[in-house]
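Participant: Pasting in a structure now, in structure tokens, and then I'll have a few things to ask.
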Amino acid sequence: MKTYDKLYIGGEWTPSSGKGSFDVVNASTEEVMGRIPAGNAADVDRAVRSARAAFDPWSRTTPAERAGYLLKIQAGIVARTKEIAETIAAEVGMPIALSTAIQAGLPTVTFGSAAQIATSYPFEEQTGNSLVVREPVGVVGCITPWNYPLHIVAAKVAPAIAAGCTVVLKPSEVAPLSAFILAEIIDSVRLPRGVFNLVSGDGQTVGEAIAGHADIDMVTFTGSTQAGKRVSEVASKTVKRVALELGGKSATVILDDADLVKAVTAGVQDCYLNSGQTCSACTRMLVPKAKHDEAVRIAKQVAEAFTPGGAFDATTKLGPLVSKIQQERVRGYIKKGIEEGATLVTGGPDQPANLPKGYFVRPTVFANVKSAMIIAQQEIFGPVLCIIPYDDEDDAIRIANDSNYGLGGAVWAANAEDAKRVARRIRTGQIAINGGGFNPTAPFGGFKQSGRGREFGKWGFEEFLEIKSLQL
Ligand code: NDP
């Protein structure tokens with residue numbers, strides 16, 4: 001049991017002005033594994049005051065000084081890798097080996113990359129009689145979700161601090177514990193007081209207090225499109241900068257001459273990563289009509305090898321979902337798909353018989369899905385793949401773009417040039433060509449209702465900069 005009863009504000013662990021707390025639940029066992037304070041608007045206000053006071057001196061430090069702190073934080077995360085990986089595996093349900101590589105591994109890359117970018121970034125350029133200088137945007141509010149809790153915190157906090165901003169972070173109440181570990185690490189490296197502040201609590205209370213705060217210059221949010229719209233609305237009253245990384249309904253497009261076994265296998269694996277709780281997951285698979293049945297046969301075989309089980313069981317290929325609410329949502333979507341007339345190839349809405357406890361959902365594949373169906377349009381956020389047949393390349397592109405979202409995607413073809421040609425016509429922020437891997441220094445973000453702005457690499461760093469012209 002990990003209990004945190006204080007918030008981290010102004011370089012100190014301090015009680016919340018509220019009295020409440022939230023339990024953190026182990027996704028595999030349904031047992032309470034931790035507790036955190038339920039912060040409130042007064043806590044946010046205190047955190048903003050401390051971030052504001054810290055901003056002027058921090059913004060005037062050199063990039064090299066800031067990089068020095070980021071590298072110490074990176075080392076602190078490396079030193080606590082096992083604890084972070086185990087904590088997130090328990091909270092979120094991701095199998096421990098993957099949690100170690102992804103949930104604990106990626107944040108170290110992000111802190112290191114932010115340090116490198118800060119020290120190499122050209123903050124000034126000349127145009128005509130003007131010197132154009134880039135300055136930190138100010139106090140940044142960060143609101144983050146539960147699916148990749150520390151990875152997404154790092155995607156915001158590391159570049160913000162590297163740019164010279166100060167931050168107030170609200171992690172998801174569902175998987176908040178790694179954010180507290182990060183605060184401990186930040187405290188241990190003696191980052192100047194107020195540069196990083198942590199206020200836990202729920203979205204309506206703490207999240208909206210951040211989005212609406214007059215003395216926060218920018219809010220950066222990752223989560224559902226619905227909550228992102230609300231954050232935009234609340235933030236608009238103070239005209240602050242808003243960065244949003246929202247949902248997705250990404251497509252794997254398999255062209256006629258692609259290696260079907262390879263493409264379908266990779267497509268199912270991508271869809272099921274983190275039990276389908278990945279915003280950029282390719283949850284639609286578009287296959288030529290003539291190859292539909294063959295693709296379905298391969299997908300069934302791959303899906304059935306994803307043995308569900310607890311996050312710490314070595315035989316587990318598919319962990320539970322994060323919470324009861326998510327489990328019920330996803331089961332509801334599976335029932336909807338059956339009602340809509342899609343073919344249930346494997347899986348289904350029932351709890352796996354051998355796993356009566358834990359928020360498990362069976363690895364599910366639907367075939368003969370039509371693009372207009374709810375299961376092909378809405379973000380399910382579970383291990384549910386929709387296979388959609390298409391007529392020709394133009395039809396495949398039309399279906400891939402038939403979505404309010406535009407976050408990720410994949411194209412498979414015998415020739416990478418053909419895959420790239422199709423990828424350029426799909427309106428989405430990232431596309432893997434013939435299995436190209438996730439790159440934590442490439443820009444990540446959405447077209448359409450998948451969001452606004454980019455994270456990672458120099459593009460993510462620039463989100464935290466204001467531009468000023470000095471006319472000479
Ligand atoms: P939310 O979007 O509600 O949660 C994300 C973060 O936003 C959390 O920190 C949450 O706080 C906060 N939040 C919620 N409402 C507000 C608000 N009005 N103002 C400010 N902050 C707010 O996601 P859910 O947990 O409800 O998940 C529901 C669905 O969202 C999923 O099924 C999935 O489709 C999608 N989702 C997408 C993610 C992505 O990476 N794109 C990540 C997570 C979910 P708290 O939860 O602590 O109250």
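The values are calculated or read from the model by the stated rules, or taken from the named source; none is laboratory data. Computed from a prediction, not measured in an experiment: that's the story for all the values here. Here the Cβ positions follow ideal geometry from the backbone for every residue, glycine too, while neighbour counts run over all protein chains shown. What goes into the accessible areas is simple: the full protein's heavy atoms, side chains included, and nothing from ligands, DNA or RNA. Shrake-Rupley method; radii C 1.70, N 1.55, O 1.52, S 1.80 Å.
Participant: Tell me, what is the per residue accessible area of the chain in Å², probe radius 1.4 Å? If you can, show how the numbers build up before the last one.
Facilitator: Details: 18240 Å² over 472 residues.
Heavy-atom SASA per residue in the chain reads 39 Å².
Participant: So which of 156/336; 262/420; 6/170; 229/249; 2/82 end up more than 25 Å apart, counting from Cα to Cα? Intermediate values should be presented prior to the final figure.
Facilitator: On the way: 156/336 36 Å; 262/420 18 Å; 6/170 14 Å; 229/249 17 Å; 2/82 15 Å.
Among 156/336; 262/420; 6/170; 229/249; 2/82, the Cα-Cα distance tops 25 Å for 156/336.
Participant: Give me Rg over Rh for the range 326-472, both radii from the alpha carbons and Rh done the Kirkwood way, two decimal places.
Facilitator: Values: Rg = 19.2 Å, Rh = 17.8 Å.
With Rh from the inverse mean 1/r over Cα pairs, Rg/Rh is 1.08.
Participant: Let me ask you something else. At q = 0.12, 0.21, 0.24 Å⁻¹, what base-10 log of I(q)/I(0) does the Debye formula yield for the range 1-67 when every alpha carbon is treated as an equal point scatterer in vacuo?
Facilitator: Each listed q corresponds, in turn, to -0.48, -0.86, -0.97.
Participant: On to the next question. Under a crude label model (7 Å from the Cα following the beta-carbon direction), how far is residue 304 from residue 17 in nanometres?
Facilitator: 6.0
Participant: Same structure again: Once you place label points 7 Å from the Cα toward the Cβ at residue 297 and residue 343, how far apart are they in nm?
Facilitator: 1.2
Participant: Additional query: Take the solvent-accessible surface of the protein heavy atoms, probe 1.4 Å, and return the percent of it on the range 45-187 that carbon and sulfur atoms account for.
Facilitator: Details: 2510 of 4350 Å².
It is 58 percent, rounded to a whole number.
Participant: Within the range 354-416, report the trypsin sites (Lys or Arg not before Pro) that DSSP leaves as loop and that have at most 15 other Cβ atoms within 10 Å.
Facilitator: Working: sites: 357, 370, 398; in loops: 357, 370.
Counting only loop positions with at most 15 other Cβ atoms within 10 Å, the trypsin sites (Lys or Arg not before Pro) in the range 354-416 are 357, 370.
Participant: If the label point is 7 Å along Cα→Cβ of residue 127, which residues in the range 433-472 have backbone nitrogen under 12 Å from it?
Facilitator: 467-470
Participant: Using just the helices of the chain, give the 222 nm mean residue ellipticity in deg cm²/dmol: DSSP H runs with n ≥ 4 each add -39,500 (n - 2.57), and the total is spread over all residues, rounded to 500.
Facilitator: Details: 15 runs with 178 residues, N = 472.
Result for the chain, helices only: -11500 deg cm²/dmol.
Participant: Oh, and also: Using modelled amide H (1.01 Å from N, peptide plane; none on Pro or chain starts), what sits under 5 Å from the amide H of residue 22, excluding residues fewer than 5 places away?
Facilitator: Amide H neighbours of residue 22: 36, 38.
Participant: Now a separate question. Which lysines have a Cα lying under 16 Å from the Cα of residue 289, excluding residues fewer than 8 positions away in the same chain?
Facilitator: Filter leaves 370.
Participant: Take each of the peptides 142-155, 298-311, average the number of other beta-carbon atoms within 10 Å over its residues, and list them starting from the highest. Show your work: numbers first, answer last.
Facilitator: Details: 142-155: 25.5, 298-311: 19.5.
By packing density, highest mean first, the sequence is 142-155, 298-311.
Participant: Can you tell me which of 70-81, 107-118 comes out highest on packing, and rank the rest after it, using the mean Cβ neighbours within 10 Å? If you can, show how the numbers build up before the last one.
Facilitator: Numbers: 70-81: 18.8, 107-118: 23.7.
Highest-to-lowest ranking by the protection proxy: 107-118, 70-81.
Participant: Round to the nearest 0.05 the FRET efficiency obtained for residue 328 and residue 214 when R0 = 41 Å and r is the Cβ-Cβ distance. Let's see the in-between values first.
Facilitator: Details: r = 38 Å, r/R0 = 0.93.
For R0 = 41 Å, the calculated efficiency reads 0.60.
Participant: Give, in nm to one decimal, the length gained when the segment between residue 262 and residue 439 is fully stretched (0.36 nm per residue of separation minus the Cα-Cα distance). Write down the numbers at each step before the final one.
Facilitator: On the way: separation 177, 0.36 × 177 = 63.72 nm, distance 2.06 nm.
Taking 0.36 nm per residue and subtracting the Cα distance, the gain is 61.7 nm.
Participant: Output the Cα-based Rg and Dmax of the chain in Å, rounding Rg to one decimal and Dmax to a whole number.
Facilitator: 22.3, 74
Participant: Out of the total accessible area of the range 262-321 (probe 1.4 Å, heavy atoms of protein only), what percent is carbon and sulfur?
Facilitator: Details: 1240 of 2240 Å².
Roughly 55 percent, rounded to a whole number.
Participant: Kindly state, to the nearest 0.05, the FRET efficiency for residue 290 paired with residue 377, given R0 = 22 Å and r defined as their beta-carbon distance. Can you show the working numbers first?
Facilitator: Working: r = 25 Å, r/R0 = 1.14.
Plugging the Cβ-Cβ distance into 1/(1 + (r/R0)^6) gives 0.30.
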